[in-house]
Amino acid sequence: MRLLSVLLSALTLLPSALASAESPTARKISKFNAIVSSSKSRRGLIELTDTLYDDLTTGPRNFTAVVLLTALEARIGCNLCREFAPEFDLLAKSWNTAHKDGGGLFFAELDFANARTTFQKLQLTTAPVLLLFPPSVGPYADPAHTTPVKFDFAKNSIPAEEVALFIAKNSVHAPKVHRPYNWTKIGITSTVIIVSASALKLALPTLKPMLLSRTLWAALSLISILLFISGHMFNHIRKVPYVAKNGKGGVSYIAGGFSNQYGLETQIVAVMYAVLSFATISLAMKTPRIEDPGRQKAAIIIWNAVMLCAFSFLMNLFKQKNGSYPFYLPPMM
């Protein structure tokens with residue numbers, strides 16, 4: 001009986017002995033796996049406090065921790081924090097769905113409202129800040145990388161895929177993002193396509209003559225050509241100013257040099273090109289159809305005068321851009 005009593009006592013104390021023999025890193029993993037398992041609202045994203053942050057990031061650690069320090073309170077007004085939060089949640093959800101045991105990678109979030117002490121200790125004045133803490137012990141520990149790696153929000157975009165690439169570059173883990181289907185967006189897009197196709201089918205008898213009109217397509221082509229050759233795309237790419245101050249209390253609408261221009265200058269050039277195009281088309285197509293010789297001669301003189309003035313004005317603009325240009329065309333010198 002005494003021997004049986006001793007055996008029962010030993011069996012009773014065995015779990016406690018095993019627990020005490022459990023390594024600190026194993027206890028950490030068990031602890032945070034339990035937190036992840038109980039996290040229902042954020043699907044595996046550990047919501048930290050000052051104490052949990054210290055426990056996760058200090059001491060021996062044979063796992064990788066990705067910690068987001070953020071400020072989601074509306075009064076703080078961190079728009080980037082609110083934009084990035086659902087992407088970080090999606091990444092954590094994707095990882096924990098594929099790795100029920102944690103897989104050696106934990107995603108955690110520390111909000112300013114719950115951890116002012118940590119923010120002050122880290123001397124953080126901006127948010128969000130994303131830190132990757134590599135293992136400090138174990139087979140994947142790298143003595144050369146003992147400090148956390150910081151994700152650069154200025155150089156990278158905020159989708160979850162970009163953060164997954166950042167984690168893959170700085171750890172042995174390669175998380176994959178699994179985005180759920182946006183059925184609302186698919187339904188709206190399908191409805192718009194169906195309604196648009198139905199409306200186009202009903203309106204086709206009315207629109208068909210317009211779509212087959214040579215005059216319409218010629219006008220659209222001419223307008224497009226004028227926009228491109230006058231420098232509209234240059235303005236759109238370079239974001240040039242519309243006008244600029246000339247230093248004398250007025251404005252300058254002609255930019256000096258061949259590689260500069262203003263928005264108003266582009267519009268002036270486009271109008272001149274349009275006048276020249278219209279004059280050329282009139283001389284080539286409209287004037288020969290005039291039956292009265294007197295009116296035909298007058299039309300020829302008028303359109304040639306218009307072309308002369310327009311070309312002269314364009315050369316004057318060119319001389320303003322390049323003062324050393326020696327040529328001019330009357331009547332504008």
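The values are calculated or read from the model by the stated rules, or taken from the named source; none is laboratory data. Keep in mind it's a predicted model, so treat the numbers as computed, not measured. A quick note on method: Cβ atoms are made from the backbone with ideal geometry, for glycine too, and the neighbour counts reach across all protein chains shown. Calculation scope for accessible area: heavy atoms of the full protein, side chains included, ligands and nucleic acids excluded. Shrake-Rupley method; radii C 1.70, N 1.55, O 1.52, S 1.80 Å.
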Given Val275, Val269, Val306, Val240, which one is assigned to a loop (DSSP other than H, G, I, E, B) and aliphatic (A, V, I, L, M)?
-> Val240
Going through the range 110-125 one residue at a time, which ones are under 15 Å from Leu56 (Cβ atoms) and open to solvent by less than 40 Å² (accessible area, probe 1.4 Å)?
-> Leu110, Asp111, Ala115, Thr118
Name the single residue, out of those in the range 135-178 being assigned to a loop (DSSP other than H, G, I, E, B) and charged (D, E, K, R), that is farthest from Ala85 (Cα to Cα).
-> Asp142
Count of residues meeting criterion [more than 28 Å from His232 (Cα to Cα), open to solvent by less than 80 Å² (accessible area, probe 1.4 Å) and of a type in the set (D, E, K, R)] in the range 251-306 | 1
Which residues, counting only those in the range 150-177, are of a type in the set (A, V, I, L, M, F, W, C) and farther than 25 Å from Thr97 by Cα?
-> Phe153, Ala154
Hits in the range 238-250 - residues which are within 14 Å of Lys321 (Cβ to Cβ) and open to solvent by 70 Å² or more (accessible area, probe 1.4 Å) | none
Condition set over 28 Å from Gly138 (Cα atoms) and open to solvent by 60 Å² or more (accessible area, probe 1.4 Å), scope the range 55-79, selection farthest from the chain's Cα centre (by Cα): answer is Arg75
Residues being of a type in the set (Val, Ile, Thr) and either open to solvent by 60 Å² or more (accessible area, probe 1.4 Å) or under 17 Å from Arg61 (Cα atoms) (or both) - total across the range 126-166 | 5
In the range 86-106, anything in contact (Cβ under 8 Å) with a residue 24 or more places away in the chain, in a helix (DSSP H, G or I) and closer than 18 Å to Leu130 by Cβ is listed as Glu87, Phe88, Asp89, Leu90, Leu91, Ala92, Lys93, Ser94, Trp95, Asn96
Hey, among Ile237, Ile290, Ile281, Ile254, which residue is of a type in the set (Val, Ile, Thr), free of Cβ contacts under 8 Å to residues at least 12 places away in the same chain and touching a helix residue (DSSP H, G or I) at 6+ places or on another chain (Cβ under 7 Å)?
-> Ile290
Among the residues of the range 54-75, is any modelled with pLDDT of 85 or more, assigned to a loop (DSSP other than H, G, I, E, B) and of a type in the set (Asp, Glu)?
-> yes
Would you tally the residues in the range 170-180 being open to solvent by 60 Å² or more (accessible area, probe 1.4 Å) and farther than 13 Å from Thr64 by Cα?
-> 4
Flag for Ser221 being hydroxyl-bearing (Ser, Thr, Tyr) and either open to solvent by less than 50 Å² (accessible area, probe 1.4 Å) or within 21 Å of the chain's Cα centre (by Cα) (or both) = no
Only one residue in Phe318, Phe327, Phe313 is open to solvent by 50 Å² or more (accessible area, probe 1.4 Å) and in contact (Cβ under 8 Å) with a residue 24 or more places away in the chain, so which one is that?
-> Phe313
Quick check: is even one residue across the range 127-135 modelled with pLDDT under 90 and under 25 Å from the mean Cα position of the chain (by Cα)?
-> yes
